[in-house]
Amino acid sequence: MQILGETIIGQRSLRGQAGDVFALAAATGEQLTPAFGASTTDDVNAACELAEASFDRYRQLSDEQRAAFLDAIAQGLLDLGDTLIDRVHLESGLPKPRLEGERVRTANQLKLFASVLREGRWHGATLDTALPERQPLPRADLRQRRIGVGPVAVFGASNFPLAFSVAGGDTASALAAGCPVIVKAHPAHLGTSELVGRVIQKAARDTGMPEGVFSMLIDKDISVGQALVSHPLIQAVGFTGSRRGGLALVAAAQARPVPIPVYAEMSSINPVFLLPAALSARADTIAKGFADSLVLGAGQFCTNPGILLALESDALERFVSAAAEALSDKTPTTMLTPNIHGAYCNGLNNLHKAAGVTLIAEGREAQSSFQARAAFFRTDSATFLGNRALEDENFGPSALLIVCKDTADLHNVAAKFDGQLTVTLHYDDDDKAIAQALLPTLERKAGRILFNDWPTGVEVSYSMVHGGPFPATSDSRSTSVGATAIDRFLRPVCYQNVPDALLPPALQQANPLNTWRLTDGQLAKK
């Protein structure tokens, strides 16, 4: 499949007329060919109008038809073979084995939502049968199901150019919900985006989807993204990226005459609590796991362990020594873009200069441009609480250890954290009292709580939550990973005394979909 530098609007491909945009080679910063034509506001409007025109047809297709569409996208991604992996590697600098794994994950996300559709519970079918003899007032026949909210705008992420991008979790869950999707391609991986976009375009054609079910736009600056979020036909937004970018989209969505939800996954430092009994039992093992997690993907995971907390102890010092030794042997790897590398270096510089913060260890020196050298810093709780900038995410392989005097001090720091995607506790049985006291606070701080593990790794499953209180996300009630990610793009509709022949299949008396329904408070297939 050839990369042409084109915008995709439904089944049309065209060159945008708003100027040339180039992807860059992550390792060198060199421009890659071909040049991409940036989309215009006319392109935005055409994509939105086509999506709106297709919405009712698409959402009323059978679950099996939409599931087949998702399966076709998944297979198309796999069929691209090395053509896709080579381009992603060039644009992102990520190792090819990691990208092979990410492609499988992306395909599995699509297949998961295909299975969600086939299983049918996503409808949320609920029936309250009529009670005409009820006193003092009868009850009407009431039935509820969920429908898609309408066209959804999705913004591709830089750090997961497949799994959180054009065919990633936001797109997969919105398409599953019956919502047409318009993707704004990330400028860091334009070639990757076009390859994946053409897979979706072909899958839509091959499975007979309405033409406007998918479009992909290219932005030269922020104008296309702002126009997309502000367009009156867009009904929701999915975003993964920086806090600054996410908040800009939230502001644009709220400034509309009719505001819409923005599901923005933004920044997180993912605190890790090293509890005393666990450190005493296995300080060296925990230190090695920390070093491996910190440098994974050049630290460019939204779940990177950026903050560690522990009580003063000899075991902690053993951990520090072991972590320093493990990190000192870590080889730097290329970051996603020159800009991300520059921001990481600025963050390191700020930590080096911060009063009360000392350097514990660094990884090996970078051997080429745009490589990230790991760094591990240390401070005390009073310094941390007195300098809120120390809680800022430094996107890359750096972490800060906060040493606390006692458990009260540990609780105080935990209570002051902003919202997070994850919190982790390294725990042994003798830590039960400390962990039990911490958990109520940590439940309020994060969307996922881990024990004796590391947060860099998000399983695509039914129970996964990849979200959390602000500023980790703009809406703590949702997740961007896992089966319940579909909930973001659905809304409930109640049908009162509607004739059976006019009801949607999920609510008809005969239950033609043979799906689980809540009928008069009882879950059953009836």
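The values are calculated or read from the model by the stated rules, or taken from the named source; none is laboratory data. Since this is a predicted model, take the numbers as computed values, not measurements. Heads up, the Cβs are rebuilt from the backbone with ideal geometry, glycines too, and the neighbour counts pull from every protein chain shown. Surface areas here come from the heavy atoms of the whole protein model, side chains and all, with no ligands, DNA or RNA. Shrake-Rupley method; radii C 1.70, N 1.55, O 1.52, S 1.80 Å.
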Practice prompt. Calculate the spin-label point distance for SER476 paired with ASP20, positioning each point 7 Å from the Cα along the beta-carbon direction, and give it in nanometres.
Written response: 4.9
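What value does the stretch 82-192 have for Rg/Rh, both radii from Cα atoms and Rh as Kirkwood defines it?
1.26
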Worksheet item: So what's the convex hull volume per residue for the Cα atoms of the stretch 1-133, in Å³?
Response: 163
Practice prompt. Please say if the stretch 442-526 is rounded, prolate or oblate, where rounded means a/c under 1.5 for a ≥ b ≥ c the square roots of the C-alpha gyration tensor eigenvalues, and otherwise the choice is prolate for a/b larger than b/c and oblate otherwise?
Written response: prolate
Response to the item:
Residue span GLN65 to LEU439: 0.36 nm per residue of separation minus Cα-Cα distance leaves a gain in nm of 130.3 nm
Item to complete: Working with all protein chains in place, sort CYS302, CYS494 by solvent-accessible area computed with a 1.4 Å probe, largest first.
Response: CYS494, CYS302
Worksheet entry | Anisotropy class of the stretch 441-492 from Cα gyration tensor, a/c 1.5 cut | oblate
Discussion item. Whole percent per 20 Å bin, from 0 to the bin with the longest distance: what is P(r) over all C-alpha pairs of the chain?
Written reply: 22, 50, 26, 3, 0
Worksheet item: What shape does the stretch 181-258 have by the C-alpha gyration tensor, where a ≥ b ≥ c are the square roots of the eigenvalues, rounded means a/c under 1.5, and otherwise prolate means a/b greater than b/c and oblate the rest?
Response: oblate
Worksheet, complete the sentence: Per-residue accessible area, 1.4 Å probe, largest first, puts GLU265, GLU133, GLU30 in the order GLU133, GLU30, GLU265
Fill in: Under 19 Å from LYS526, Cα to Cα: aspartates and glutamates that are on another chain or at least 8 residues apart
ASP63, GLU119, ASP128, ASP141, ASP500
Worksheet entry | Residues with amide H under 5 Å from that of LEU275, placed H, sequence gap 5 or more | HIS426
Fill in: Note, ³J(HN,Hα) from phi for the stretch 435-442, Karplus 6.51, -1.76, 1.60, rounded to Hz, x at Gly and Pro
5, 4, 6, 6, 4, x, 5, 5
Worksheet, complete the sentence: With every protein chain in place, the accessible area of PHE451 for a 1.4 Å probe, in Å² rounded to the nearest 10, comes to 80
Item to complete: For ASP520, put the label point 7 Å out on the Cα→Cβ axis and report which residues of the stretch 111-134 keep their amide N under 13 Å from it.
Response: 127-134
Item to complete: Mind ranking ARG205, ARG477 by accessible surface for me, highest first, 1.4 Å probe?
Response: ARG477, ARG205
Item to complete: Take the solvent-accessible surface of the protein heavy atoms, probe 1.4 Å, and return the percent of it on the stretch 168-319 that carbon and sulfur atoms account for.
Response: 58
Response to the item:
Compactness summary of the stretch 54-128: radius of gyration and Dmax from Cα atoms, Å, are 16.3, 56
Practice prompt. Using only protein heavy atoms and a 1.4 Å probe, report how much of LEU131 is accessible, in Å² to the nearest 10.
Written response: 70
Discussion item. Quick check on the chain: helices-only [θ] at 222 nm, where DSSP H runs of length 4 and up contribute -39,500 (n - 2.57) each and the sum goes over total residues. Nearest 500, please.
Written reply: -12000 deg cm²/dmol
Discussion item. With θ taken as phi - 60° and the coefficients 6.51, -1.76 and 1.60, list the Karplus ³J(HN,Hα) couplings across the stretch 22-28 in order, rounded to whole Hz; mark glycine and proline as x.
Written reply: 10, 6, 10, 6, 4, 6, 10
Worksheet item: Quick one: of the DSSP bridges fully inside the chain, what percent are antiparallel, nearest 5?
Response: 40
